[in-house]
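Beneath this line is the structure, given in C-alpha cells, with notes to follow.
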Amino acid sequence: MKAFLEYVLKNLVDAPDAVSVHQSLRQGKTVFEVRVRPDDVGKVVGKQGQTIAAIRNLVRTAASRHGEYVDVEIVEELHASPASFGTSRGASRGVGEHEEPRSL
C-alpha cells in the first residue's frame, strides 16, 4: 500500500525525490503521513481537496480489499528553515521557527 501511495504522489509533484511517506498504526488503523515540498502541497491537495480525496479513496478501497483500514494525512511543515527562505510560502507568510507541523 505504501509503495502504491508513493508511486501516485511522486507522479503528481515537481520534486519526486522530496516525497516522504511514513506509516504508523493508530487505534487499529494504518495511517500514512505524507510530506512533500511546500511548493508541491497544492498539487497533492488539488482544487477544493479533490485530488487528496481521490488519493484517499484509492488507498482506502485497495486496503479494504485486504480487510485493512487506512488513512492518508498530509503533514505540512510550517517552520522556517534555511532551505525555505526565498520560497513563496516561507518568505511571504513570515512563518516562525517555533511553530509545529500541522496535518491537513
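The values are calculated or read from the model by the stated rules, or taken from the named source; none is laboratory data. Quantities reported herein were computed from a predicted structural model and do not represent experimental measurements. Please note: Cβ atoms are built from the backbone with ideal geometry, for glycine as well, and neighbour counts cover all protein chains shown.
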Problem set entry | Hits in region 54-69 (condition: in contact with a helix residue (DSSP H, G or I) (Cβ under 9 Å, 6 or more places away or on another chain) and either free of Cβ contacts under 8 Å to residues at least 40 places away in the same chain or over 15 Å from Lys29 (Cβ atoms) (or both)) | Ile55, Leu58
Seminar exercise, completed: Scanning region 1-32 residue by residue, those closer than 20 Å to Ser64 by Cβ and in a strand (DSSP E or B) turn out to be Val21, Gln23, Ser24, Leu25, Arg26, Lys29, Thr30, Val31, Phe32
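I'd like the residue in region 42-58 that is of a type in the set (A, V, I, L, M, F, W, C) and buried (at least 17 other Cβ atoms within 10 Å of the Cβ) and, out of all such residues, is farthest from the chain's Cα centre (by Cα). Explain how you work it out, then say what you get.
Quick first cut of region 42-58, residues of a type in the set (A, V, I, L, M, F, W, C) only: 44-45, 52-55, 58.
So of that shortlist, the ones also buried (at least 17 other Cβ atoms within 10 Å of the Cβ) come out as 44-45, 52, 55.
Working: Val44: 7, Val45: 8, Ile52: 9, Ile55: 11 Å.
Out of the qualifying residues, it is Ile55.
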Exercise. Is there any pair linking a residue in region 1-23 that is of a type in the set (Lys, Arg) to one that is surrounded by 16 or more Cβ atoms within 10 Å (Cβ to Cβ) and part of a loop (DSSP other than H, G, I, E, B), with Cβ under 9 Å and at least six apart or on different chains, and which?
Worked result: Lys10/Val19
Exercise. Any chance region 29-41 includes a residue that's hydroxyl-bearing (Ser, Thr, Tyr), modelled with pLDDT under 90 and surrounded by 12 or more Cβ atoms within 10 Å (Cβ to Cβ)?
Worked result: no
For this session: Consider Val8 carefully, then state whether it is in contact with a strand residue (DSSP E or B) (Cβ under 9 Å, 6 or more places away or on another chain) and aliphatic (A, V, I, L, M).
Result: no
Problem set entry | Breaking point among (1) touching a strand residue (DSSP E or B) at 6+ places or on another chain (Cβ under 9 Å); (2) not in a loop (DSSP other than H, G, I, E, B), for Gly42 | (1)
